[in-house]
């Protein structure tokens, strides 16, 4: 007897959600890189830490904000909103974010950037 259940794959889930976001942007003709308005002031930031989102997360959140017509560049996690005593609007959905970390293949443990900086290039493998 075979097991036909598919194991959850975060990368596939993220790719599927990104595809939905891009198709939605095309459908609504709201594509950030074609915007006639300068949107530097709209680069997404975390509303609690004030850190700017980077790379794929910046693109993803910018596209979502443009599609939904958001005028505020601040984003928070559900947990952060709860800790601040804020409420999430009814019907709002989460947005996909990628969190990357470096893992030691021998121990399967996440390592800090400081530790990575101590390693020689020969010790680093992709």
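The values are calculated or read from the model by the stated rules, or taken from the named source; none is laboratory data. This one's a predicted model, so the numbers in the text were calculated from it and none came from an experiment. Positions of Cβ are backbone-derived with ideal geometry, glycine not excepted, and every protein chain shown enters the neighbour counts.
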message = Can you pull out every residue in region 42-52 that is part of a loop (DSSP other than H, G, I, E, B) and either surrounded by 17 or more Cβ atoms within 10 Å (Cβ to Cβ) or touching a strand residue (DSSP E or B) at 6+ places or on another chain (Cβ under 9 Å) (or both)?
response = 43, 44, 47, 48, 50, 51
message = Name the residue that is modelled with the lowest pLDDT, counting only residues in region 1-41 that are part of a loop (DSSP other than H, G, I, E, B) and surrounded by 12 or more Cβ atoms within 10 Å (Cβ to Cβ).
response = 39
